[in-house]
Amino acid sequence: MSSETQQQQINTNECEKQKEEIIKEIIVKEEPDIKEEKKEIKKPIRGANVSGRPWKEAYKKRSIKDNVAMAGISWEEKMEMKKRRQMMRALDEEIRTRQAEEEAKRKEARKQAIIRKKENIAKNTIVQQITNKKKLRHMSGKQFRQLRTFHFDEIE
């Protein structure tokens with residue numbers, strides 16, 4: 001069994017190294033400087049407002065045509081950027097799923113520990129049958145609350 005766990009650890013370590021290399025490659029590759037390669041877009045000359053209020057904003061109905069974000073980037077570069085984004089999303093998703101699995105394992109371990117604790121407490125309890133009913137009348141409230149009723153079948 002120990003050899004299997006060692007093999008699993010080796011496999012996970014190899015996967016981690018590969019992911020780190022991919023991340024390093026992504027970080028090392030510089031994205032093309034969009035600002036330098038972007039074509040200059042001339043904005044229309046806007047005169048003064050008719051109302052004389054200069055703080056009013058211009059009408060922006062069709063401004064999306066003017067704002068071309070990827071104007072100076074070639075198709076190959078766009079696809080390369082898209083590929084890198086997809087790789088990063090896949091890594092993020094894998095990390096999230098691994099964390100969720102670890103959390104589920106921790107929850108299950110907690111539940112099992114609570115169950116074991118209750119079983120151990122039940123094993124170690126001292127059972128004493130009260131045959132004299134007068135004792136119940138003379139007990140204090142705290143003692144009476146600590147009493148538990150059992151059927152003889154449940155004790156064994």
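The values are calculated or read from the model by the stated rules, or taken from the named source; none is laboratory data. On a predicted model such as this, the values are computed, not experimentally measured, just so you know. Cβ placement follows ideal geometry from the backbone for every residue including glycine, while neighbour counts extend to all protein chains displayed.
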Report every pair of residues separated by at least 6 positions or lying on different chains whose Cβ atoms are under 6 Å apart, first residue within the stretch 116-144 and without any contact (Cβ under 8 Å) to a residue 40 or more places away in the chain, second in a helix (DSSP H, G or I).
Val127/Ile155
Tally of residues being surrounded by 10 or more Cβ atoms within 10 Å (Cβ to Cβ), out of contact with any Phe, Trp or Tyr (no Cβ under 8 Å at 6 or more places or on another chain) and hydrophobic (A, V, I, L, M, F, W, C) across the stretch 115-146
5
Mind checking whether some residue in the stretch 59-76 is at pLDDT 85 or above and assigned to a helix (DSSP H, G or I)?
yes
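From the set of residues in the stretch 113-133 that are of a type in the set (A, V, I, L, M, F, W, C) and under 15 Å from Arg148 (Cα atoms), which is modelled with the highest pLDDT? Can you show your working first?
In the first step, residues of the stretch 113-133 are kept if they are of a type in the set (A, V, I, L, M, F, W, C); the result is 113-115, 121-122, 126-127, 130.
Still in the running and under 15 Å from Arg148 (Cα atoms): 121-122, 126-127, 130.
On the way: Ile121: 86, Ala122: 82, Ile126: 78, Val127: 77, Ile130: 81.
Taking the candidates together, the pick is Ile121.
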Top-ranked residue in the stretch 80-108 [being aliphatic (A, V, I, L, M) and farther than 19 Å from Lys19 by Cβ; ranked as surrounded by the fewest Cβ atoms within 10 Å (Cβ to Cβ)]:
Ala104
